Structures are given as C-alpha cells and as structure tokens.
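Shown next, in structure tokens, is the structure this report addresses.
Only the coordinates and a few stated rules stand behind these numbers; no lab work does. Note that the coordinates shown come from a computational prediction; the quantities given were computed from them, not determined experimentally. Using ideal geometry, Cβ is built from the backbone for each residue, glycine included, and neighbour counts are taken over all protein chains shown.
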Amino acid sequence: KAVFMPVAYGLIFLLGMMGNILVLVILERHRQTRSSTETFLFHLAVADLLLVFILPFAVIEGSVGWRLGTSLCKIVIALHKINFYCSSLLLACIAVDRYLAIVHAVHAYRHRRLLSIHITCATIWLAGFFFALPEMIFAKVSQPHHND
C-alpha cells in the first residue's frame, strides 16, 4: 500500500492532467461551433481537473497523515466536494441534453440558447460551491488515536 497508492495516484494525476487539458484545448479551439454537449464537457473537464489537483494531497495524507494545516485541509475538502457535485450535475445535464437531442430533436434545438447553457453551467458551479460550504466550514484536522 505504501508504494502502490503513490504510484497509482501519480499515474492518475499525469493521465488526468494531460487528458483533461487536451479536452479543454480542443474544445477551446472550436469555441465558435461548440454545441451544448461540448459546453457541458468543457465544464466537466474543468471539474475533473479539480479532482486531479487534490490527488497529491491524498497521497501525502495516506503516507504521513495530514500535516498541512487546517486551512489547506478545508480547501482540499471543498475542492473534492465541488468536484463531486459539479461532475454529477454536469453528467446529468449531458444526459438530459442528449435525450432532448435524440427524442425531441427539432423542438429541443429550437428552444435551447447558448446563454441558457452558460447560465446552467454557472448555476451548477454555484450550487457545487454552496453544497461544499458546510464541509469547508466544519472540517477539522484530527490525529487518529492508536490503542496499542
């Protein structure tokens, strides 16, 4: 476990960083023709990068315990929760978007506007932040008690 976890998380970190940055670059290059699904995927890649950024902290905590202070603990927990909520909500939006595109093709695309997609994404990020607030406010660093 002491060797496997850092190696596995390191590999996930590198692949996740490269893959999500590649997605962001490709989607940004085609910004003018970006569909609603691609907009949701863009935001999903950003949310996934949040998770990738906190993986090194998970390795440190698993190896030596949390020694990075309460403030950083709160930030890492908040980023993890924001990733969880935003990723879940964005995946739900992609599912609904695909449903509308397939089942209600003509009607759905007539009524969807780019502004409403951006407002939806902004609302998701705000919701993720607000859902993460209790964890961020009440998180504390504690040392495990060993009963030898």
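Taking volume of the Cα convex hull per residue in Å³ as the quantity of interest, determine which of [x] 131; [y] 488; [z] 142 was computed from the displayed structure. Read-out from the structure maps to [z]. Length gained on full extension, L114 to T70, computed as 0.36 nm times the residue gap minus the Cα-Cα distance: 11.8 nm. Each of F129, L55, V103 was scored by the projection of its Cα onto the charge dipole of the chain, and the greatest displacement toward the positive side belongs to V103; charges sit on the C-beta of Lys, Arg, Asp and Glu. Stretching the chain fully between K140 and Y99 yields a gain of 10.6 nm (0.36 nm per residue, less the alpha carbon separation). Which of rounded, prolate or oblate describes segment 35-92 when judged by the alpha-carbon gyration tensor and an a/c cut-off of 1.5? Prolate shape, in that a/c is at least 1.5 and a/b is the bigger ratio.
When the helices of the chain are scored as -39500 (n - 2.57) per DSSP H run of n ≥ 4 and the total is divided over every residue, the value at 222 nm lands at -29000 deg cm²/dmol.
Each residue of segment 36-47 was assigned a 3J(HN,Hα) from its phi angle through the Karplus expression (A = 6.51, B = -1.76, C = 1.60, θ = phi - 60°), giving 4, 4, 5, 5, 5, 5, 4, 5, 5, 5, 5, 4 Hz with x at Gly and Pro. Among 24-37, 69-82, the peptide with the highest mean count of other Cβ atoms within 10 Å heads the list, and the full ranking is 69-82, 24-37.
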